Ligand code: SF4
Ligand code: F3S
């Protein structure tokens, strides 16, 4: 079992999740984070920390694609150890549907 980051992180990237993870298994793209499914120890402490409610256990329905997605980008993006400021449009984009198709960036974080 693992937890995964899902689409509402896109464009928000609040990063509150990063500070509570005991094993530093969040990886940073340009406009979202992912969890490395093989490093996550399933502790669950990050889930309630996300203001965008974007973190889910893979035991929920239809999470297979997100496990694959998180694993794919965790292998490509740098690890993130500390929380940082959210993206500038975080509040306005929180809850916007269809962000994966419209604004998701495959690029790794620049910083
Ligand atoms: Fe880290 Fe625990 Fe969240 Fe997994 S469930 S990403 S180990 S805080
Ligand atoms: Fe994303 Fe939520 Fe973490 S918006 S960066 S999963 S706190």
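Structure remark: mean-square fluctuation, Gaussian network model of the chain, C-alpha springs under 10 Å; the largest value among 62, 16, 53 belongs to 62.
Between 68, 89, 28, the GNM of the chain built on Cα springs shorter than 10 angstrom shows 89 fluctuating the most. The three principal axes of the Cα atoms in the stretch 57-111 give end-to-end lengths of 31, 26, 19 Å, sorted in falling order. Once the chain from residue 1 to residue 103 is taken as fully extended at 0.36 nm per residue, the excess over their C-alpha distance is 33.9 nm. Sorting 63, 1 from the fewest to the most surrounding beta carbons within 10 angstrom yields 1, 63. Think of it as helices only: each DSSP H run of n ≥ 4 in the chain is worth -39500 (n - 2.57), and spread over all residues that comes to -5000 deg cm²/dmol at 222 nm. Using R0 = 30 Å, the C-beta based FRET efficiency linking residue 72 and residue 19 works out to 0.75. Relative contact order of the chain, taken over Cα pairs closer than 8 Å and 6 or more residues apart, is 43 percent.
Of the three principal axes defined by the Cα atoms of the chain, the extents in descending order read 31, 29, 26 Å. Between the stretch 1-64 and the stretch 72-94, how many Å separate their Cα centres? What the calculation gives is 10 Å, centre to centre.
Picking from 41, 55, 80, which is most flexible by a Gaussian network model of the chain using Cα springs under 10 Å? Residue with maximal mean-square fluctuation among 41, 55, 80: 41.
Read-outs throughout are calculated quantities, based only on the coordinates presented, and are distinct from any laboratory measurement. As the structure is a computational prediction, the values presented were derived from the model and not from experiment. Methodologically, a virtual Cβ is constructed for each residue, glycine included, from the backbone with ideal geometry; neighbour enumeration extends over all protein chains shown.
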